[in-house]
Amino acid sequence: MSLIVVKFGGTSVADVDKIERAAEKVVREVRAGHQVVVVVSAMSGVTNQLVGYCNEVSTMHDLYEYDVVVSSGEQVTAGLMALALHKHGIAARSWLGWQIPFKTDEMHSKARVRDIETKHLLEALEKGEVAVVPGFQGVTFNNRISTLGRGGSDTSAVALAAALKAERCDIYTDVDGVYTTDPRIVPGARKLKTISFEEMMELASLGAKVLQTRSVEIAMKHGVALQVLSSFEDAIGSDMPGTLVVREDKIMEEELVSGIACGRDEAKITLLRVADKPGVASAVFTPLGEAGINVDMIVQNITSDGQSTDMTFTVSRADLERALKVLKDAKIECDEIRSAANVAKISVVGVGMKSHAGVAQKMFTALASKGINIQVISTSEIKISVLIEEDYAELAVRTLHSAYGLEEAA
Ligand code: ADP
Ligand code: ASP
Ligand code: MG
C-alpha cells in the first residue's frame with residue numbers, strides 16, 4: 001500500500017461543492033488502495049480578505065498576530081474536507097499545524113519548515129484514516145502559530161510528502177499542468193509533460209505562482225515525485241495526467257527556453273548618490289536582511305562625477321513599506337531614496353541556455369521591437385530577467401513567448 005500526499009489549492013476548494021468534488025478524488029485514490037494525506041488551501045479569496053483585515057488595522061501590523069489571522073482560512077477547509085470524506089464512509093481526521101506538530105522557524109509570515117513530527121499522522125494512516133492537513137500553517141519552537149508565505153500550502157504538501165516518504169505529491173490546481181508561460185496571459189501556451197526541478201524553481205521564484213518556490217526546493221532536495229494537475233478534470237493523480245517535475249537528467253529533450261515568467265510582486269528602490277566607499281552595500285543590505293526582507297535584482301552605477309553611486313534593487317511589493325522604514329532607520333548616507341511599485345519582472349528560463357549563446361540578445365531585441373524599456377537586468381546560468389514598467393508586462397510575455405517559438409504546435 002503506498003502513501004500519497006494530495007494538495008488542493010484555493011480555487012479547487014472555493015466552495016462546498018468544489019470541496020465535495022475534491023473529496024471524490026481522494027475517495028478514488030483511497031479505493032485504489034492508497035494511504036492519503038490531504039493538504040488544503042483556504043477557499044480562494046479568503047486569505048486575501050484576511051490579509052486585508054490586518055492591513056485595515058495597520059499596514060505595519062505585528063506579524064505574529066498576522067499569522068494567527070491568516071492561517072485561519074485553512075482550518076475551515078480542512079474540517080470541511082474531512083466532513084465531505086465522511087459522507088463517503090471514509091474515516092478522516094483533520095490535523096492543524098500545531099497538532100502534528102508542523103514546526104517552523106520564527107520568521108513570521110514567511111516561516112521555513114524545520115521539522116515535521118510524523119508519529120501521529122502515521123498512526124492515523126495505519127488505522128486506515130485519511131489525514132487532512134491545513135496547508136500554509138505551522139507552529140514555531142516558541143509555540144506560536146506561523147505561516148509559510150503566500151502560496152505556502154504547496155510547501156506544506158511537499159514537506160509532508162518528504163517527511164512521510166510518500167510515493168508522490170500531487171498538486172491539484174485550476175490548470176492541468178505547468179505551461180510554457182501563464183496560460184491566462186498567453187492562451188497558446190504549451191503544456192509541458194516534464195520540467196526539471198531547476199527550471200521549475202526559477203519559474204516559480206520569478207513569478208509563475210503555480211508552485212511556491214520553496215515547495216520545489218524541498219522536492220528537489222528530498223527527491224519528492226511532484227505532479228501538477230487539474231482538479232476540474234476527471235483524471236486523478238494516479239492516472240498521471242499532469243506535468244511531472246523531475247531531475248534534469250530525466251528530461252529527454254532539453255529545450256533552449258522552457259518558459260517565460262512574469263512577476264508582479266515587485267517593487268523598486270533607488271538610493272541616489274550613495275557614498276562610494278567600502279561597506280556601503282553592507283550598510284544597506286544587512287539591516288534589510290535582518291528584517292527578513294529579501295532583496296532580489298541589484299544594480300549599482302557610479303555617478304558622472306565619480307564621487308558616489310546610485311543603487312537600485314528590488315524587494316517584494318508586500319515588503320516595500322517595511323524596507324523603506326528599515327532604510328530610513330539605518331540612516332544610509334545618500335541624497336534621496338526613491339521607490340516605485342509599478343514594475344514587473346519578466347524572465348526567460350531554460351537549462352539549454354547553459355550551452356547556447358544568443359538567448360539574451362533575442363530577448364532584448366524582441367522587447368525593443370515593441371518599444372519596451374528595460375530598467376534592470378539580472379542573469380543566472382539558466383535565466384535572464386528584466387525589470388520593466390508593469391503596464392507592459394503582458395505584452396512583454398506574449399512577445400517573448402512567440403520570439404522563442406514556444407507556442408503550441410499547430
Ligand atoms: P492554487 O490556488 O491551486 O494554489 P495558484 O493560483 O496559486 O493555484 O496557481 C495556479 C495559477 O498559476 C494558474 O491559474 C495560472 O494562472 C498560474 N500560472 C502562472 N504561470 C504558470 C505556468 N507557467 N503554468 C501554469 N500555470 C501558471
Ligand atoms: N491560502 C494561502 C494563500 O492564499 C496559502 C495557499 O493557498 O497556498 O497564500
Ligand atoms: Mg498556489
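The values are calculated or read from the model by the stated rules, or taken from the named source; none is laboratory data. Values in this document were obtained by computation on a predicted structure and should not be read as measured data. A quick note on method: Cβ atoms are made from the backbone with ideal geometry, for glycine too, and the neighbour counts reach across all protein chains shown. All accessible areas refer to the heavy atoms of the entire protein, side chains included, with ligands and DNA or RNA removed. Shrake-Rupley method; radii C 1.70, N 1.55, O 1.52, S 1.80 Å.
Yes or no: ALA111 modelled with pLDDT of 95 or more, within 19 Å of ALA162 (Cβ to Cβ) and among the small types (Gly, Ala, Ser)? Yes; evaluated as a whole, the condition is true for this residue.
In the range 151-194, of all residues being within 16 Å of ligand 2 (Cβ to nearest atom) and open to solvent by 20 Å² or more (accessible area, probe 1.4 Å), the one that is farthest from PRO101 (Cα to Cα) corresponds to VAL175.
For the range 334-347, indicate whether the set of residues that are closer than 12 Å to TYR404 by Cβ and either open to solvent by 20 Å² or more (accessible area, probe 1.4 Å) or out of contact with any strand residue (DSSP E or B) (no Cβ under 9 Å at 6 or more places or on another chain) (or both) is non-empty. No, every residue in the range 334-347 fails to be closer than 12 Å to TYR404 by Cβ and either open to solvent by 20 Å² or more (accessible area, probe 1.4 Å) or out of contact with any strand residue (DSSP E or B) (no Cβ under 9 Å at 6 or more places or on another chain) (or both).
Filtered by the rule that a residue be within 18 Å of the chain's Cα centre (by Cα) and among the hydrophobic types (A, V, I, L, M, F, W, C), the range 163-184 gives CYS169, ILE171, VAL175, VAL178.
Condition check ((1) outside any loop (DSSP other than H, G, I, E, B); (2) open to solvent by 50 Å² or more (accessible area, probe 1.4 Å); (3) modelled with pLDDT under 95) across all residues:
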site: HIS120; (1), (2), (3): yes, yes, no
site: LEU125; (1), (2), (3): yes, no, no
site: VAL132; (1), (2), (3): yes, no, no
site: ASN143; (1), (2), (3): no, yes, no
site: GLY149; (1), (2), (3): no, no, no
site: LEU203; (1), (2), (3): yes, no, no
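Counting only strands (runs of 3 or more DSSP E) that fall entirely inside the range 311-410 and contain at least 1 residues that are among the acidic types (Asp, Glu) and in contact (Cβ under 8 Å) with a residue 60 or more places away in the chain, the qualifying elements are 336-349.
Go through the range 7-81 and tell me which helices (runs of 4 or more DSSP H), entirely inside it, have 3 or more residues that are open to solvent by less than 20 Å² (accessible area, probe 1.4 Å) and of a type in the set (A, V, I, L, M, F, W, C). It would help to see each step written out before you state the result.
Numbers: elements: 16-31, 46-57, 63-70.
Of the helices (runs of 4 or more DSSP H) lying wholly inside the range 7-81, those with at least 3 residues that are open to solvent by less than 20 Å² (accessible area, probe 1.4 Å) and of a type in the set (A, V, I, L, M, F, W, C) span 16-31.
Any residue in the range 19-27 that is in contact (Cβ under 8 Å) with a residue 60 or more places away in the chain and either farther than 24 Å from SER238 by Cα or of a type in the set (Phe, Trp, Tyr) (or both)? Within the range 19-27, none of the residues are in contact (Cβ under 8 Å) with a residue 60 or more places away in the chain and either farther than 24 Å from SER238 by Cα or of a type in the set (Phe, Trp, Tyr) (or both).
Could you go through the range 367-374 and let me know if any residue there is open to solvent by 30 Å² or more (accessible area, probe 1.4 Å) and within 22 Å of the chain's Cα centre (by Cα). Within the range 367-374, not a single residue is open to solvent by 30 Å² or more (accessible area, probe 1.4 Å) and within 22 Å of the chain's Cα centre (by Cα). A Cβ distance below 9 Å, combined with a sequence gap of six or more or placement on separate chains, defines the contacts here; from the range 268-290, residues that are closer than 13 Å to ILE302 by Cβ and touching a residue at least 24 places away in the same chain (Cβ under 8 Å) reach residues that are part of a helix (DSSP H, G or I) and of a type outside the set (Gly, Ala, Ser) in the pairs VAL274/VAL280; VAL274/VAL284. Filtered by the rule that a residue be of a type in the set (Val, Ile, Thr) and at pLDDT 95 or above, the range 336-368 gives ILE337, VAL343, ILE346, VAL348, VAL349, THR365. Selection within the range 151-179: residues that are part of a strand (DSSP E or B) and not polar (S, T, N, Q). The member of this set that is farthest from ligand 1 (Cβ to nearest atom) is ARG168. Checking every residue in the range 242-252 against the condition of being surrounded by 18 or more Cβ atoms within 10 Å (Cβ to Cβ), without any contact (Cβ under 8 Å) to a residue 40 or more places away in the chain and in a helix (DSSP H, G or I) gives zero matches. Criterion applied to SER71, SER41 was being under 18 Å from ALA23 (Cα atoms) and within 18 Å of the chain's Cα centre (by Cα), and the one residue passing it is SER41.
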